[in-house]
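Colleague: Dumping the structure here so I can ask a few things about it.
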Amino acid sequence: MEAESERVSIETNFKTNKNFLWSLAMKLSRNSDDADDLLQETWLRVIENYSGYDNRNKFRAWASVIMKNIFVNNFRKNKRQGQPVDVEEAHVCVTDSSDYLLVKGDIYNAISQLPHEMAKVFYMYLQGYSYEEISVMVGIPLGTVKSRIFCAKKKLQVTLKPYSKHM
């Protein structure tokens with residue numbers, strides 16, 4: 001009897017939140033096929049973990065967190081696998097690795113001097129996350145992400161001006 005009422009709750013929550021979660025999946029993936037896959041994987045996790053769901057929290061928020069976690073994990077997994085690179089087309093312009101390490105250290109030192117919230121967003125940007133992904137993961141508006149990255153670039157241009165070849 002309890003399993004029957006639990007199944008009805010899942011179905012009710014599914015019907016109530018289906019459009020919202022699909023919209024969130026589209027926002028995250030920006031592709032309807034990927035959104036469908038993300039939504040399907042989210043529903044599988046919801047069903048698997050529904051026994052652990054307490055009705056004190058909103059179902060929509062709980063399912064959204066599951067979806068965001070799946071999206072971030074998939075993104076990281078795909079990023080770790082990397083994209084194949086044709087060695088013939090790759091152009092490396094580092095002449096001395098010790099110079100490269102010195103400059104790289106100075107760049108990261110300059111980034112660490114930025115205000116914490118600005119540096120956090122900028123590091124994520126350097127790791128290849130899109131503005132939208134950063135916005136979702138950090139939980140701030142898209143405009144704030146863009147503003148912090150823009151300001152970080154401006155501050156770093158001033159700090160790193162001695163390294164610029166185009167003065």
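Colleague: Give just the number: which of (1) surrounded by 15 or more Cβ atoms within 10 Å (Cβ to Cβ); (2) over 15 Å from S112 (Cα atoms); (3) modelled with pLDDT under 90; (4) not hydroxyl-bearing (S, T, Y) does I140 not satisfy?
Modeller: Against the list (1) surrounded by 15 or more Cβ atoms within 10 Å (Cβ to Cβ); (2) over 15 Å from S112 (Cα atoms); (3) modelled with pLDDT under 90; (4) not hydroxyl-bearing (S, T, Y), I140 comes up short only on (3).
Colleague: Let me ask something else about it. Could you please give the count of residues in the stretch 145-167 that are polar (S, T, N, Q) and surrounded by 15 or more Cβ atoms within 10 Å (Cβ to Cβ)?
Modeller: Residues that pass the stated criteria total 1.
Colleague: Among L38, L44, which is the only one that is at pLDDT 90 or above and under 22 Å from Y131 (Cβ atoms)?
Modeller: Result of the check over L38, L44: L38.
Colleague: Additional query: Name every residue in the stretch 65-117 that is of a type in the set (S, T, N, Q) and at pLDDT 65 or above, in order of residue number.
Modeller: Of everything in the stretch 65-117, those that are of a type in the set (S, T, N, Q) and at pLDDT 65 or above turn out to be N69, N73, N74, N78, N109, S112, Q113.
The values are calculated or read from the model by the stated rules, or taken from the named source; none is laboratory data. Please read these numbers as outputs of a predicted model, since none were measured by experiment. No Cβ is skipped: glycine too gets one built from the backbone with ideal geometry, and neighbour counts run over all protein chains shown.
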